[in-house]
């Protein structure tokens, strides 16, 4: 098969792109250079690191699932259901992206803390305390990460040719069947990339977690929190944890092959 | 009427545009709807399919109301027995050919084994046996339209709508798909509506032709009556053209016992020849000139249209001519008069056709 | 400046980044020691934030044309920044260990002087809803209890107090600094937390404070030193003198610090 010669991209654009990639690459290189490789096994097997890794993985995966379960319906309603005040609702849903995570955490505290608007009645009725617990970690990271899945899925739904759903309806498919067999499969790449972004954000979340969920090893101290604390005293542990985070993140994102990000 | 489709409704799409149509399509017949883009054709498709509700009037089939705002009835598209064959197919890109065709019956709860048999039958009916596992992206335009047709007809609907079925096809696939559609329409027991902006298809497929302009049907009738008495300029120029079927070879087209000379010496086989009535000149005596097509015929009827006149001519080849009213007067022509017609070969458009077109 | 550290583990990527940020932040004077016209850079421990803010403004008003730039963070981190070459003129730390770090690496230009003390207290929401009375209450599971992270001075002092009192605390959160803990105490989200006495004073009624008796309490020591090479640093010396002066001591006292 003969290959068509692609048109040459503007050289300035490529140069800028290379600078951009270096910008991402250099800190990682710096981290690798600073790592004490001989000390690594000790750190990696320490309780602090293992506890933090376990918590981070559990919390980020749970948060991604939760974000999908709640976020995809939100995206669907925003894209398909006409109602007044839609832009306000969309702004609300995207707020966690704009807010500094610590502010988000404080907001969660005001709402869901023991004296919070919702948290107080909950506590009085059931004795459940949401902050300073594993549940608090999941809530905090879900809060900051959910906008990503909403954004990507809403955009994909808006770009989807409405005729597909019309064809499905005229052929006899009810709304659930149409959703299940036509709409969702057609936006699958967007859902995948949305979930990847959501997970990544959840995995790296710091500000909201430390504000709302606390910072206790084994219970609420996720990887980013562990790094922050380690930086104060044990630099070797800090670089080890950072390295683990980079490796895990790269693994997950690389596993999502290129073709899954775009059209099949 | 209680059998077939009865759609008489108004839809207001915007401040300035309102669609106001009335269609009665009997079972077993095909009505064609022609109109320029923006006339409201897709709105009609959506209204009958149930994707859009009407503002006034009603839509019903076989006496059962599908949409009637005054009595509060509105059946959702899933419930209506209507199938649409969309322009460029709108096949589900992630499903295979057989999955696409099976979609309707599966959604309506038909048992799997029965669906499988039906799908196999219908793929055979549209000459796509063996295409089961192909994806829409692997199909040519013509093949995709065939799948779309199978997907619609497998449901055995009461109403079939063909929305610009040939718009996305190139000339060569058009004739074979057209042939298939004509064949299937002939066997179809429900009411069929063909929507098109191209008059050739509408005139070929429709028993009755409706011309839609700016939201209203300006003329309805058989293709020949529209040709003879076009109600508007659009009808006259677009819908009211001559269309004859013949057999081409060596620069000649045999139309029944008559022969037409055409420019293209390479085309052969079944063809459709079209030409505008304006290109036909009438002469009291046999003309001697460059026009290759000249013959003697009789005037069957004359229909005045203001300053122009449409003349229906008979054997050996029926056609419609358009001349000025003063010409008719000065030539002293009337019904029954013998007259010579003359058409230049360059004015004849020739298009390959499927056997069944002829 | 590139003194070999006996512990090879101490490579500081983030500290270098902090230094870079600091340099960029002080764009006006670039990375040079202070001299006439350039701002005076003071690194102060988190618990000194309020007091040193006031001290800085007072100093500025007495010396026209002088600008004091305050850099507040955890003491350990501040020490590392200095060792990495941050252009700091004065360092006020919340514990001896951090300033020793700086002295050991040869970055202290003068002797270290202790200018204030602090002790720990138990902060509770206004009204003390959980009826906390002493450190022994910190083993009650039912309460939401907090302290600073062990890695910061506030946290290490708290740990020392707990062990002095013979208590194994059941903590629900370890905050990166006392300020965050004060916030949550004020909101009532945390029932009790171990913080500095100065934090209770600084909270000005947002929280209540419970005394920790001397038998269980620990004393936090705040040393200060001029940072730089062996030359003279008149402005930095003046600032340190101001902190040690009667006026300076009065400010510190008003923020709840004990004075030597």
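Derivation of every value follows stated rules applied to the coordinates shown; laboratory data play no part. Note that the structure is a prediction, hence the values are computed from the model and not measured. Here the Cβ is made from the backbone with ideal geometry for all residues, glycine too, and neighbour counts use every protein chain on show.
Only Cα pairs under 8 Å and at least 6 apart count here; give the relative contact order of the stretch B:163-289 as a rounded whole percent.
14 percent
Springs between alpha-carbon atoms under 10 Å, Gaussian network over chain C: tell me which of C:78, C:143, C:185 tops the mean-square fluctuations.
Greatest mean-square fluctuation among the candidates belongs to C:143.
Name the shape class, rounded, prolate or oblate, that the alpha-carbon gyration tensor gives for chain C, where a ≥ b ≥ c are the square roots of its eigenvalues, rounded holds for a/c under 1.5, and otherwise prolate holds if a/b is larger than b/c and oblate otherwise.
It comes out prolate by the Cα gyration axes.
Run through all the Cα pairs of the stretch A:152-212 and give the fraction in each 5 Å bin from 0, expressed as whole percent.
4, 17, 19, 16, 12, 10, 8, 7, 4, 3, 0
Would you calculate, for chain A, the mean residue ellipticity at 222 nm contributed by helices, counting each DSSP H stretch of 4 or more residues as -39,500 (n - 2.57) and dividing by all residues, to the nearest 500?
One gets -23000 deg cm²/dmol as the mean residue ellipticity at 222 nm.
Going by a ≥ b ≥ c, the root eigenvalues of the Cα gyration tensor, does chain B fall in the rounded group (a/c under 1.5), the prolate group (a/b larger than b/c) or the oblate group?
Judged from the Cα gyration tensor, chain B comes out oblate (a/c at least 1.5, b/c at or above a/b).
Taking 0.36 nm per intervening residue step and subtracting the Cα-Cα distance, what contour gain separates residue B:351 from residue B:76 on full extension?
Residue separation times 0.36 nm, minus the Cα-Cα distance, leaves 94.9 nm.
For an R0 of 51 angstrom, estimate the FRET efficiency from the Cβ-Cβ distance between residue C:163 and residue A:255 and round to the nearest 0.05.
Using R0 = 51 Å, I get an efficiency of 0.65.
Using a Debye calculation, one point per C-alpha and no hydration shell, please list log10 I(q)/I(0) for the protein assembly as shown at q = 0.08 Å⁻¹ in order.
Summing over Cα pairs of the protein assembly as shown leads to -0.85.
Using only the alpha-carbon atoms, how far is helix B:97-107 inclined from the longest principal axis of chain B? Give it as 0 to 90 degrees, nearest 10.
Taking Cα atoms only, the helix is inclined about 60 degrees.
Determine, at each q value in 0.13 (inverse angstroms), the log₁₀ of I(q)/I(0) that the Debye formula gives when each Cα of the stretch A:42-261 is one equal point scatterer.
For the requested q values the scattering log ratios are -0.82.
Among C:201, C:170, B:147, rank each residue by its count of other Cβ atoms within 10 Å, from fewest to most, as a rough exposure measure.
Starting with the residue having the fewest Cβ neighbours, the order is C:170, C:201, B:147.
Taking the Cβ-Cβ separation of residue B:267 and residue B:337 as r and a Förster radius of 35 Å, what is the calculated FRET efficiency to the nearest 0.05?
My answer for the efficiency is 0.50.
Specify whether the C-alpha gyration tensor of the stretch A:1-85 places it in the rounded, prolate or oblate class, a ≥ b ≥ c being the square roots of the eigenvalues: rounded for a/c under 1.5, otherwise prolate if a/b is larger than b/c and oblate if not.
oblate
So for B:122, A:37, fewest C-beta neighbours within 10 Å to most, what's the order?
The most exposed by this proxy come first: A:37, B:122.
Which whole-number percent of Cα pairs in the stretch C:124-178 have a distance greater than 14 Å?
So the pairs more than 14 Å apart make up 54 percent of the total in the stretch C:124-178.
Quick one: among A:126, A:222, A:198, which has the greatest mean-square fluctuation in a GNM of chain A with alpha-carbon springs under 10 angstrom?
Evaluated over chain A, the most mobile residue of the options is A:126.
Can you give me the orientation-averaged projected area of the convex hull built on the Cα atoms of the stretch B:242-357, in nm²?
Across all orientations, the stretch B:242-357 yields a mean hull projection of 7.1 nm².
What is the distance in Å between the Cα centroid of the stretch A:1-54 and that of the stretch C:132-171?
What the calculation gives is 41 Å, centre to centre.
Among A:214, A:113, A:127, which one shows the highest mean-square fluctuation when chain A is modelled as a Gaussian network with alpha-carbon springs under 10 Å?
Of A:214, A:113, A:127, the most mobile in the Gaussian network model is A:127.
So for chain B, averaging the separation of alpha carbon pairs under 8 Å that are six or more residues apart and normalising by length, what relative contact order in percent results?
Here the relative contact order equals 16 percent.
Once you place label points 7 Å from the Cα toward the Cβ at residue B:20 and residue C:219, how far apart are they in nm?
The answer from the label model is 10.0 nm.
Give the span of the stretch A:94-191's Cα atoms along each principal axis, as three whole-Å numbers ordered largest to smallest.
53, 31, 20
On a 0 to 90 degree scale, rounded to 10, what angle separates helix C:49-62 from the longest Cα axis of chain C?
It works out to around 40 degrees.
Going 7 Å from the Cα of residue B:259 toward and past its Cβ, which residues in the stretch B:279-320 have a backbone nitrogen under 13 Å from where you end up?
B:293-294
So if R0 is 45 Å, what FRET efficiency would residue B:214 and residue A:23 give, r being the distance between their Cβ atoms, rounded to the nearest 0.05?
0.20
Eigenvalues of the Cα gyration tensor times 5, then square-rooted: what semi-axes does that give for the stretch C:118-219, in whole angstrom, largest first?
Rounded to whole Å, the semi-axes are 17, 15, 13.
Separation of the stretch A:177-234 and the stretch B:38-97 by C-alpha centroid, Å?
Their Cα centres are 45 Å away from one another.
Assuming a viscosity of 0.692 mPa s and a temperature of 37 °C, what translational diffusion coefficient in µm² per second does Stokes-Einstein assign to the stretch A:49-118, Rh being the Kirkwood radius over Cα pairs?
The estimated diffusion coefficient comes to 226 µm²/s.
Can you give me the relative contact order of the stretch A:118-264 as a percent, contacts being Cα pairs under 8 Å and 6 or more apart?
Worked out over the stretch A:118-264, it gives 30 percent.
Looking only at other chains, what is the average number of their beta-carbon atoms within 10 angstrom of each beta-carbon in A:30-41?
Whole-number average of other-chain Cβ neighbours for A:30-41 is 2.
Can you give the calculated 222 nm mean residue ellipticity of chain C, where each DSSP H run of n ≥ 4 adds -39,500 (n - 2.57) and the sum is split over every residue, rounded to the nearest 500 deg cm²/dmol?
Helix contribution divided over all residues of chain C: -11000 deg cm²/dmol.
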